[in-house]
Amino acid sequence: ELVDSIPPGYFGGNIDNWRAGKGTKLYLPVAVRGALFSVGDPHFAQGDGEINGTALEFSLTGQFRFVVHKMQSEKRFLAGLAHPLLETAGEWILHGFSYGNYLRELGRHAQSEIYRRSSVDLALRNAFRATRKFLIQHYRLSEDEAVALISLGVDFGITQVADGNWGVH
């Protein structure tokens, strides 16, 4: 059925992270056979949070390269990827949303409920869990080491609170 393209989720969607620009790599789990892809809602400028639902919008012409990483990939951190992951020249940026898979988690009325039930608390919890899992899988840290590193060196920020499924990166 028709799915609202505004709320982001594990599959990508309207992530609204200004760090996704030229030269970044975006890792997404493949959600459907054929790995459907679309791009839209480009921003010329936007702060973290996108509080009122808009940024300085502009048109986009881009070149995109797609690489499918199989489950047995040399990139072991991609195994079980459940959140969008950006890789820039200097950062790994994991995303957490109030509901990772709101279409499944919120039931029959998910596309309207997501606008009522989102919270920064849930998004932060999911971003923390994604970060912990990433550190354990990619760097082979223990859970205690991962949590200590997160406390010492990870900056969490509000990605957006405008698009229904609020986000933290």
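For segment 87-122, filtered to residues that are free of Cβ contacts under 8 Å to residues at least 40 places away in the same chain and in a loop (DSSP other than H, G, I, E, B), the residue that is most open to solvent (accessible area, probe 1.4 Å) is G90.
Among the residues of segment 152-169, those that are among the polar types (S, T, N, Q) and under 13 Å from N17 (Cβ atoms) comprise T159, Q160. Residues in segment 69-86 that are outside any loop (DSSP other than H, G, I, E, B) and surrounded by fewer than 16 Cβ atoms within 10 Å (Cβ to Cβ): R76 only. The single residue among I15, I51 that is part of a loop (DSSP other than H, G, I, E, B) and modelled with pLDDT of 85 or more turns out to be I15. The single condition among (1) surrounded by 10 or more Cβ atoms within 10 Å (Cβ to Cβ); (2) in a loop (DSSP other than H, G, I, E, B); (3) in contact (Cβ under 8 Å) with a residue 12 or more places away in the chain that G23 does not meet is (1). Among all residues of segment 124-136, there is at least one that is over 12 Å from H95 (Cβ atoms) and touching a Gly at 6+ places or on another chain (Cβ under 8 Å).
The values are calculated or read from the model by the stated rules, or taken from the named source; none is laboratory data. All of these numbers come straight from a predicted model, not from anything done at the bench. Here the Cβ is made from the backbone with ideal geometry for all residues, glycine too, and neighbour counts use every protein chain on show. Ligands, DNA and RNA are excluded from the accessible area calculation, which covers all protein heavy atoms including side chains. Shrake-Rupley method; radii C 1.70, N 1.55, O 1.52, S 1.80 Å.
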